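The values are calculated or read from the model by the stated rules, or taken from the named source; none is laboratory data. Just so it is clear, the model here is predicted, and its values are computed rather than measured. We place every Cβ from the backbone using ideal geometry, glycine too, and count neighbours over all the protein chains shown.
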């Protein structure tokens with residue numbers, strides 16, 4: 001009996017295997033399974049909801065960018081014209097705005113006053129001597145025909161008269177010289193402008209020609225833009241330029257002149273642009289001499305094709321737009337961007353004027369994506385923003 005029970009186990013396992021295989025076969029080849037396999041796949045869902053726009057024609061300004069330094073239009077050096085005099089008073093400092101004729105400094109004039117008084121006295125003495133000589137010469141000429149005086153004596157009186165008149169002229173010249181020295185004791189501004197440097201010190205004894213002050217004449221500044229030789233033909237005197245200061249302020253100026261030579265090292269020439277007085281004068285003026293500034297020259301306008309800024313996608317250093325095809329799939333197109341005006345960018349090449357491009361959501365698309373195009377409304381913008389966030393999260 002024990003041997004009989006053991007012989008049934010292999011048979012039972014074989015029957016169980018056959019039963020399992022049959023169930024699997026019925027499942028695979030049943031009509032229901034065939035029906036499931038013949039069913040169509042589900043409809044593909046759009047990757048993103050977007051808005052589109054067509055390129056627009058516009059007239060954009062033509063700009064020529066340049067860099068350069070701000071410098072004084074003309075700078076004057078105010079020097080001492082008095083030799084050996086002590087500086088008694090300094091009335092201005094750096095940054096002060098002065099007018100033509102304003103007194104900047106005063107030298108001690110005691111020595112000059114004494115010399116001036118001596119010159120006046122010498123002139124009076126010469127005039128008195130000349131009066132006597134003139135009277136003697138007149139009497140001698142009146143006695144010339146009487147024989148009372150010899151011709152030699154008459155000649156002596158006439159010569160004395162001429163010498164006396166010459167001494168008067170010499171005394172007047174000496175007096176003028178001393179008056180000029182007195183004038184030089186007061187250092188005055190040669191023109192209106194702003195003081196940029198001061199080396200005058202009270203109590204110092206200055207020699208002739210010693211610089212006391214330096215000033216910008218008429219407080220005028222200019223922007224000396226460096227322009228390459230190839231772009232010079234586009235510029236001419238009178239062309240308007242927009243110059244940007246270091247603090248962000250922008251001033252409008254005009255080209256005064258273009259340098260007649262080109263630097264042999266940089267191959268660029270200086271273009272002199274006059275800056276307005278409002279931007280260059282005053283302690284709080286945005287432009288200062290010696291400042292670096294950037295700017296643009298206005299060269300007119302030209303026709304251009306523009307697209308919204310959001311439509312341009314930059315990847316791997318290149319610019320692309322996504323064209324919406326008839327099947328709602330997008331194609332990535334490489335374009336060459338140009339000038340920018342507000343929220344629109346010029347497209348130089350790679351795009352036709354009738355091409356429909358994706359605007360909102362373009363930055364989250366890939367070539368060949370299926371999209372859902374909606375009207376450009378605030379609601380559509382919110383939907384596109386939400387879907388773009390989901391795509392970015394994935």
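Count of the range 342-360 residues, restricted to those that are within 15 Å of residue 331 (Cβ to Cβ) and in contact with a helix residue (DSSP H, G or I) (Cβ under 8 Å, 6 or more places away or on another chain), is 2. Applying the condition of being exposed (fewer than 14 other Cβ atoms within 10 Å of the Cβ) and modelled with pLDDT under 90 to the range 202-229 and asking which residue is nearest to residue 285 (Cα to Cα) yields 209.
To keep it simple, each residue is scored yes or no on (1) within 26 Å of residue 220 (Cβ to Cβ); (2) in contact with a helix residue (DSSP H, G or I) (Cβ under 7 Å, 6 or more places away or on another chain); (3) modelled with pLDDT under 90.
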site: 77; (1), (2), (3): yes, no, no
site: 81; (1), (2), (3): yes, yes, yes
site: 87; (1), (2), (3): no, no, no
site: 106; (1), (2), (3): no, no, no
site: 122; (1), (2), (3): no, yes, no
site: 126; (1), (2), (3): no, yes, no
site: 139; (1), (2), (3): no, no, yes
site: 151; (1), (2), (3): no, no, yes
site: 155; (1), (2), (3): no, no, yes
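If I filter the range 48-80 down to residues being assigned to a loop (DSSP other than H, G, I, E, B) and crowded, with 18+ Cβ neighbours inside 10 Å, which single residue comes out as nearest to the chain's Cα centre (by Cα)? Reasoning before the result, please.
Applying the first criterion (assigned to a loop (DSSP other than H, G, I, E, B)) to the range 48-80 yields 51, 54-55, 73-74, 80.
Among the residues that remain, those that are also crowded, with 18+ Cβ neighbours inside 10 Å are: 51, 55, 73, 80.
Numbers: 51: 39, 55: 33, 73: 15, 80: 36 Å.
If we take residues in the range 48-80 being assigned to a loop (DSSP other than H, G, I, E, B) and crowded, with 18+ Cβ neighbours inside 10 Å, then 73 is nearest to the chain's Cα centre (by Cα).
Looking for something modelled with pLDDT of 85 or more and assigned to a helix (DSSP H, G or I) - is there at least one such residue anywhere in the range 375-385? No, the range 375-385 has no match at all. Scanning the range 328-354 for residues that are under 15 Å from residue 51 (Cα atoms) and buried (at least 20 other Cβ atoms within 10 Å of the Cβ) returns a single hit, 330. Of note, residue 169 does not satisfy the criterion of being over 19 Å from residue 131 (Cβ atoms), exposed (fewer than 15 other Cβ atoms within 10 Å of the Cβ), at pLDDT 90 or above and not assigned by TED's automatic domain parsing to the domain that holds residue 89.
The number of residues in the range 230-267 that are crowded, with 18+ Cβ neighbours inside 10 Å and not in a strand (DSSP E or B) comes to 3.
For the range 305-327, does any single residue satisfy the condition of being surrounded by fewer than 13 Cβ atoms within 10 Å (Cβ to Cβ), at pLDDT 90 or above, in contact with a strand residue (DSSP E or B) (Cβ under 8 Å, 6 or more places away or on another chain) and assigned by TED's automatic domain parsing to the domain that holds residue 234? No: zero hits. Considering 133, 126, 121, the condition of being outside the structural domain of residue 98 (by TED's automatic domain parsing) and without any contact (Cβ under 8 Å) to a residue 24 or more places away in the chain is satisfied by 121 alone.
Any residue at all in the range 177-195 that is free of Cβ contacts under 8 Å to residues at least 24 places away in the same chain, outside any loop (DSSP other than H, G, I, E, B), within 21 Å of residue 75 (Cβ to Cβ) and within 30 Å of the chain's Cα centre (by Cα)? No, that holds for no residue.
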